[in-house]
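Okay, so here's the structure we're looking at.
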């Protein structure tokens, strides 16, 4: 599948000392039931911001290889998964 898997959930919890790639693979398995290797994660960028006195770090990545079909594993957090094109950052058009 060439288009991205789109979904939305609560923020992932990062474990101290855990590489971002490992976190991405762990969350992919927990939330979508897909299996991947940390080596298949391509980190694309980092966003740091603060809201209500809480600092957030968001790591954006692309997983280039995985096994399985996406399933809703945490229905209290995620209602569905679908293949599609996510909105562009900053309202920029992909063309």
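The values are calculated or read from the model by the stated rules, or taken from the named source; none is laboratory data. Just so you know, these numbers come straight off a predicted model, no measurement behind them. Neighbour counts are summed over all protein chains in view; Cβ atoms, including those assigned to glycine, are modelled from backbone coordinates with ideal geometry.
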Subject >> Hits in region 13-57 (condition: in contact with a strand residue (DSSP E or B) (Cβ under 8 Å, 6 or more places away or on another chain), surrounded by fewer than 16 Cβ atoms within 10 Å (Cβ to Cβ) and within 20 Å of residue 81 (Cα to Cα)) >> reply: 29, 35
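Quick check on residue 3: is it in contact with a strand residue (DSSP E or B) (Cβ under 6 Å, 6 or more places away or on another chain) and modelled with pLDDT of 90 or more?
Working: in contact with a strand residue (DSSP E or B) (Cβ under 6 Å, 6 or more places away or on another chain): yes; modelled with pLDDT of 90 or more: no.
Spelling it out, it is not the case that residue 3 is in contact with a strand residue (DSSP E or B) (Cβ under 6 Å, 6 or more places away or on another chain) and modelled with pLDDT of 90 or more.
Can residue 61 be described as within 19 Å of residue 15 (Cβ to Cβ) and either in a strand (DSSP E or B) or at pLDDT 85 or above (or both)? I'd like the intermediate steps shown before the answer.
Working: within 19 Å of residue 15 (Cβ to Cβ): yes; either in a strand (DSSP E or B) or at pLDDT 85 or above (or both): yes.
Yes; evaluated as a whole, the condition is true for this residue.
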